[in-house]
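Below is one structure, written out as C-alpha coordinates; the observations come after it.
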Amino acid sequence: MVPTLEPGDWLLVDPDAYVGMSPAVGDLVLVPDSRVPSRLLVKRVAEVDRGDHRLFVTGDAPDASTDSRTFGWVDAATVEGHPWFRYWPLRRLGRVR
(Lines give C-alpha, C1' and ligand atoms only; values in the text may rest on other atoms or scores of the structure.)
Protein backbone atom coordinates (compact mmCIF):
# COMPACT_ATOMS: atom_id res chain seq x y z
CA MET A 1 0.00 0.00 0.00
CA VAL A 2 1.29 3.48 -0.84
CA PRO A 3 1.36 5.72 2.24
CA THR A 4 -1.31 8.42 2.21
CA LEU A 5 1.00 10.90 3.90
CA GLU A 6 4.65 11.74 3.40
CA PRO A 7 7.13 13.49 5.68
CA GLY A 8 6.63 17.24 5.34
CA ASP A 9 2.91 17.09 4.59
CA TRP A 10 0.96 19.80 6.40
CA LEU A 11 -2.61 18.95 7.28
CA LEU A 12 -5.85 20.49 8.40
CA VAL A 13 -7.51 18.50 11.16
CA ASP A 14 -11.17 18.57 12.16
CA PRO A 15 -11.10 18.43 15.98
CA ASP A 16 -14.87 17.84 16.17
CA ALA A 17 -15.11 14.98 13.68
CA TYR A 18 -15.64 12.32 16.33
CA VAL A 19 -17.64 14.23 18.93
CA GLY A 20 -20.36 11.85 20.03
CA MET A 21 -19.12 9.01 17.83
CA SER A 22 -16.21 6.65 17.46
CA PRO A 23 -13.95 6.41 14.39
CA ALA A 24 -14.58 3.57 11.97
CA VAL A 25 -12.14 1.09 10.49
CA GLY A 26 -10.21 2.82 7.71
CA ASP A 27 -10.50 6.34 9.15
CA LEU A 28 -7.43 8.52 9.63
CA VAL A 29 -7.15 9.80 13.20
CA LEU A 30 -4.89 12.12 15.15
CA VAL A 31 -3.86 10.46 18.43
CA PRO A 32 -1.30 11.23 21.13
CA ASP A 33 1.81 9.06 21.15
CA SER A 34 1.50 7.09 24.40
CA ARG A 35 5.29 7.17 24.75
CA VAL A 36 5.56 10.96 24.37
CA PRO A 37 2.06 12.40 25.02
CA SER A 38 2.96 15.86 23.69
CA ARG A 39 3.64 14.27 20.27
CA LEU A 40 0.69 13.64 17.96
CA LEU A 41 0.54 10.83 15.41
CA VAL A 42 -1.60 10.41 12.31
CA LYS A 43 -2.67 6.77 12.00
CA ARG A 44 -5.34 4.69 10.30
CA VAL A 45 -7.88 2.76 12.36
CA ALA A 46 -7.34 -0.94 11.68
CA GLU A 47 -9.68 -2.36 14.31
CA VAL A 48 -12.30 -1.09 16.76
CA ASP A 49 -12.99 -2.80 20.09
CA ARG A 50 -16.54 -1.56 20.73
CA GLY A 51 -16.70 -3.21 24.17
CA ASP A 52 -13.84 -1.15 25.59
CA HIS A 53 -14.03 1.82 23.13
CA ARG A 54 -10.44 1.19 22.00
CA LEU A 55 -8.77 1.50 18.62
CA PHE A 56 -5.95 -0.48 17.05
CA VAL A 57 -4.18 2.01 14.81
CA THR A 58 -1.58 1.37 12.13
CA GLY A 59 0.49 3.34 9.67
CA ASP A 60 0.07 2.97 5.92
CA ALA A 61 3.75 1.98 5.66
CA PRO A 62 3.93 -0.83 8.23
CA ASP A 63 7.67 -1.42 7.90
CA ALA A 64 8.40 2.22 8.77
CA SER A 65 5.57 2.92 11.22
CA THR A 66 5.35 3.11 14.98
CA ASP A 67 1.77 2.23 15.80
CA SER A 68 -0.41 -0.04 17.97
CA ARG A 69 1.90 -2.95 17.23
CA THR A 70 4.43 -1.01 19.35
CA PHE A 71 2.34 0.88 21.91
CA GLY A 72 -0.90 -1.10 22.03
CA TRP A 73 -4.55 -0.13 21.77
CA VAL A 74 -5.58 3.54 21.93
CA ASP A 75 -8.55 4.78 23.94
CA ALA A 76 -11.07 6.25 21.47
CA ALA A 77 -11.63 9.18 23.86
CA THR A 78 -8.04 10.33 23.23
CA VAL A 79 -8.57 10.89 19.49
CA GLU A 80 -7.85 14.57 18.84
CA GLY A 81 -9.38 14.81 15.40
CA HIS A 82 -9.63 13.68 11.80
CA PRO A 83 -6.97 14.83 9.29
CA TRP A 84 -8.91 15.70 6.16
CA PHE A 85 -6.96 18.10 3.94
CA ARG A 86 -3.30 18.46 2.88
CA TYR A 87 -2.31 22.08 2.22
CA TRP A 88 1.44 21.64 1.81
CA PRO A 89 3.30 20.88 -0.37
CA LEU A 90 1.17 22.53 -3.02
CA ARG A 91 1.86 19.79 -5.57
CA ARG A 92 0.01 17.37 -3.21
CA LEU A 93 -2.81 19.78 -2.27
CA GLY A 94 -6.14 18.10 -1.61
CA ARG A 95 -8.26 15.84 0.56
CA VAL A 96 -6.63 12.93 2.36
CA ARG A 97 -8.43 9.63 2.80
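The values are calculated or read from the model by the stated rules, or taken from the named source; none is laboratory data. Because the structure is predicted, anything quoted here is derived from the model rather than measured. Virtual Cβ from ideal backbone geometry, glycine too; neighbours counted across all protein chains shown.
Return the residue satisfying two criteria in turn: it lies in the range 45-75 and is hydrophobic (A, V, I, L, M, F, W, C) and more than 11 Å from the chain's Cα centre (by Cα), and of such residues it is farthest from Val25 (Cα to Cα). Don't jump to the end; show me each part of the working.
Restricting attention to the range 45-75, the residues satisfying the condition of being hydrophobic (A, V, I, L, M, F, W, C) are 45-46, 48, 55-57, 61, 64, 71, 73-74.
Remaining after also requiring more than 11 Å from the chain's Cα centre (by Cα): 48, 61, 64, 71, 73.
Values: Val48: 7, Ala61: 17, Ala64: 21, Phe71: 18, Trp73: 14 Å.
Out of the qualifying residues, it is Ala64.
Looking at the range 26-43, which of the residues that are modelled with pLDDT of 90 or more and of a type in the set (D, E, K, R) is farthest from Phe71 (Cα to Cα)?
Our first condition is that a residue be modelled with pLDDT of 90 or more; within the range 26-43, this holds for 26-33, 36, 38-43.
Adding the requirement that they be of a type in the set (D, E, K, R) leaves 27, 33, 39, 43.
Numbers: Asp27: 19, Asp33: 8, Arg39: 14, Lys43: 13 Å.
Looking at residues that are modelled with pLDDT of 90 or more and of a type in the set (D, E, K, R), I get Asp27.
Would you mind finding the one in Pro3, Pro23 that is of a type outside the set (A, V, I, L, M), closer than 20 Å to Arg97 by Cβ and modelled with pLDDT under 95?
Details: Pro23 fails: modelled with pLDDT under 95.
Just a single option satisfies the conditions, and that option is Pro3.
Any residue at all in the range 17-30 that's closer than 21 Å to Thr4 by Cβ, touching a Gly at 6+ places or on another chain (Cβ under 7 Å) and among the charged types (D, E, K, R)?
Let us first name the residues in the range 17-30 that are closer than 21 Å to Thr4 by Cβ, namely 17-18, 22-30.
Still in the running and touching a Gly at 6+ places or on another chain (Cβ under 7 Å): 17, 30.
When the remaining residues are screened for being among the charged types (D, E, K, R), the result is none.
Taking every residue of the range 17-30 in turn, none turns out to be closer than 21 Å to Thr4 by Cβ, touching a Gly at 6+ places or on another chain (Cβ under 7 Å) and among the charged types (D, E, K, R).
Wholly within the chain, which strands (runs of 3 or more DSSP E) include no fewer than the required count, namely at least 3 residues that are buried (at least 16 other Cβ atoms within 10 Å of the Cβ)? Full working, then the answer.
Numbers: elements: 10-14, 28-33, 36-49, 54-58, 82-88.
Fully inside the chain and qualifying: 28-33, 36-49, 54-58, 82-88.
Using the structure shown, decide if Thr66 is of a type in the set (S, T, N, Q), modelled with pLDDT of 95 or more and either touching a helix residue (DSSP H, G or I) at 6+ places or on another chain (Cβ under 9 Å) or at negative phi (or both). Can you show your working first?
On the way: of a type in the set (S, T, N, Q): yes; modelled with pLDDT of 95 or more: no; either touching a helix residue (DSSP H, G or I) at 6+ places or on another chain (Cβ under 9 Å) or at negative phi (or both): yes.
No, not satisfied.
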